[in-house]
Structures are given as structure tokens and as C-alpha cells.
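> A single structure is presented below for examination.
The values are calculated or read from the model by the stated rules, or taken from the named source; none is laboratory data. Worth saying up front: this structure is predicted, and the values here are computed from it rather than measured. Side chains included, ligands, DNA and RNA excluded: accessible areas come from the protein's heavy atoms. Shrake-Rupley method; radii C 1.70, N 1.55, O 1.52, S 1.80 Å.
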Amino acid sequence: MNEPVTSETYTAQLRRLADLTARVGEQRAEAHTWYERQCAAAERAVADAAEQLQYAEEELVAAREQQERVDAEVAHLWQQVRSRLGARRLGGPPAPANGTAATDPVLLLGKARDLLDRAGQPGEMPGSVNPLLALCGVAGAVLAYALGVGARALGVGYGGDLAVGMPVLALVVTLFGPLIGLVPARVLADRRHAMLGPRPITVVLGTGVVTTVLLLVLGR
């Protein structure tokens, strides 16, 4: 037979029910708090992901713009290489070499421009062309001396004032002989894409002066 429900048993049941209700409420509050935290964390993660995506898109746009600028600069430099070196049969610009992917392309282009500028500047004439430079000096002196001889002969032929003035003019022309040798020397330097510096000028003028003096001494 069932035991009769006493007031104490009923009170204990009510107390137990109240405890269970309180525990359920606490667990429900904890679950609600956990849910809110998870939602907040998810929202922060979505916001961070959206920010990173926007940053990546901006970097992609900047990278594409830089690539276009680099490609245009490479094409320009390659055109200069073809025009300066006369390599008309060369195709398009070469592909980047292995190991240059991590290098700043702007830095590489700067180095390429510096090399191209140095390659385009005229250099010094080598010492191997000294005989040709000396020959230019001799040729200029001989040409000036021949013009002087012709001028003196013209003065002698016509007589009068020309007979007095032409020898002076002939001497002046003869003395300018070493300078005349600089004209073919300049042509030689331009063909070799070099500059006519102090050493080549000294060789031409020195040889021209020596030749002029010898011609004047022998022509007396």
C-alpha cells in the first residue's frame, strides 16, 4: 500500500522542484550568455574577414597597377636597348629570371636604367687607336702644309700684293694643321661611340705639331 503523503514530504517535493527550476534557469541563462558570446565572436570574425578581404582587394588593385607600370617601363627600356644597340631583330622583352619574384621590380628597373644610361654614354677611346689618331694628326698637318704651299705658289704667280700676303696666309694655314687633324679624329671617335678626350686630343695635336715642324724645316 502507498504511504500517505505527509506535509513534510510535500514540502520537500516543493523545495526540490524549486531547486530544479532554479538550476534550469541558471543553465538557460548560461546557455543564452554562451549563445550571445558565440554570436558576437562570429560577428567579429565576419567583420575581420570582410576587412581582410577589402585589404586584399586593395592590394590586388595596387599590384595590378604596379604590374602595368612595370610592363610599360620594361617595354620602354627594351625599345631603347633595341634602338641603341641596333638589335632590330630582337623580339619582345625577356621573361623575368628565376629568383627575381621576391625582388622589388622598381629596384630592378632602376638598376636596368642605370646600366642602360652607362651603356649609352660614350666611353674613352682605347689605346689601340693611337696609331690612327697619330695618322689624323699627320694628315691634318700635311693638308695644311699643302694648302700653304699652294697659297705661296699663287702669290708668286700673281705677284704684287699677293706675293707679300700669301706667304703670311700660308704660314697661318700651316700652323693650323694640327687642329685640322682633330676633324677626322672626331669622326673616328663618333664611329666608335667614344668621346674625344684629353689623351686622343694630345696624340693628334702632338703628332700634328711634330709633322708641321718637320715639314717647315724640310721645306726651307
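> With a 1.4 Å probe and every protein chain left in place, tell me how much accessible area D114 has, in Å² to the nearest 10.
That residue has around 80 Å² of solvent-accessible surface.
> Two decimals is fine: what's Rg over Rh for the stretch 16-86, C-alpha atoms, Kirkwood radius as Rh? Numbers along the way, then the final one.
Numbers: Rg = 30.2 Å, Rh = 17.7 Å.
In the stretch 16-86, Rg relative to Rh is 1.71.
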